[in-house]
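*Asks:* Quick one: the structure is below, questions incoming.
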Amino acid sequence: MLHQPHPKAPGLAAGIDEPLIAELVDRFYARVREDELIGPVFEARIENWDEHLAKLRAFWSSVVLMTGRYKGQPMPVHAAISEITDAHFERWLSLFADTAKTVCPPAAAALFIDRSQRIAQSLSLGIAASRGIIA
């Protein structure tokens, strides 16, 4: 079931809708799966890509359209992956930004890129804290 976007969702003003989210997620993760650095991290853990992509579409819908579709907890999942480093985050962000600029109109790409950077920073700090690197 799709939830309606919140009237004040930032994605509405940027022209984002569910089909655009699906296209971005699908094209981005197709690139991720082929990437030499981050592809193996995903391939080692994702058993059902259709299910995973649906979860990621729900995540981005919740982030930019405020639909409340995503119900997961990404921090513990990412913190449990011992090989994740800053290089992985940098590559993920680079691929994501490139894909967003290719798939999305400029305002939508800018919003997705901004949110991806904030999310990556939060995850990176959370992982560092969970590893005792920062207090």
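*Asks:* Can you give the log10 of the normalised intensity I(q)/I(0) at q = 0.09, 0.16, 0.19 Å⁻¹, computed with Debye over equal Cα scatterers of the chain?
*Replies:* Summing over Cα pairs of the chain leads to -0.26, -0.85, -1.19.
*Asks:* Counting alpha carbon pairs within less than 8 Å and at least 6 residues apart, what relative contact order, in whole percent, applies to the chain?
*Replies:* 31
*Asks:* Still on this structure, I have one more. I'd like the orientation of helix 106-130 relative to the chain: the angle between its Cα long axis and the longest Cα principal axis, in ° from 0 to 90, rounded to 10.
*Replies:* In the chain, helix 106-130 runs at an angle near 30 degrees to the longest axis.
*Asks:* Quote the charge dipole size of the chain about the Cα centre in Debye, to the nearest 20; the model charges only the Cβ of Lys and Arg (+1) and of Asp and Glu (-1).
*Replies:* 500
*Asks:* Moving on to the next point. Which one of Val25, His88, Gln117 has its Cα pushed farthest toward the positive end of the charge dipole of the chain, where Lys and Arg give +1 and Asp and Glu give -1 at the Cβ?
*Replies:* Gln117
*Asks:* Rg (Å, one decimal) plus Dmax (Å, integer) for the alpha carbons of segment 80-135?
*Replies:* Radius of gyration, then largest Cα-Cα span, for segment 80-135: 13.1, 40 Å.
*Asks:* Here's something else I'd like to know. By the scheme Lys and Arg +1, Asp and Glu -1, what is the net charge of all other residues having a beta-carbon under 12 Å from that of Leu24?
*Replies:* 0
*Asks:* Taking 20 °C and 1.002 mPa s as the conditions, I'd like the Stokes-Einstein D for segment 5-85 in µm²/s, using the Kirkwood hydrodynamic radius from alpha carbon pairs.
*Replies:* 155
All of the numbers you see were taken from the coordinates with simple rules; none came from a lab. Remember, predicted model here, so these are calculated numbers, not experimental data. Virtual Cβ from ideal backbone geometry, glycine too; neighbours counted across all protein chains shown.
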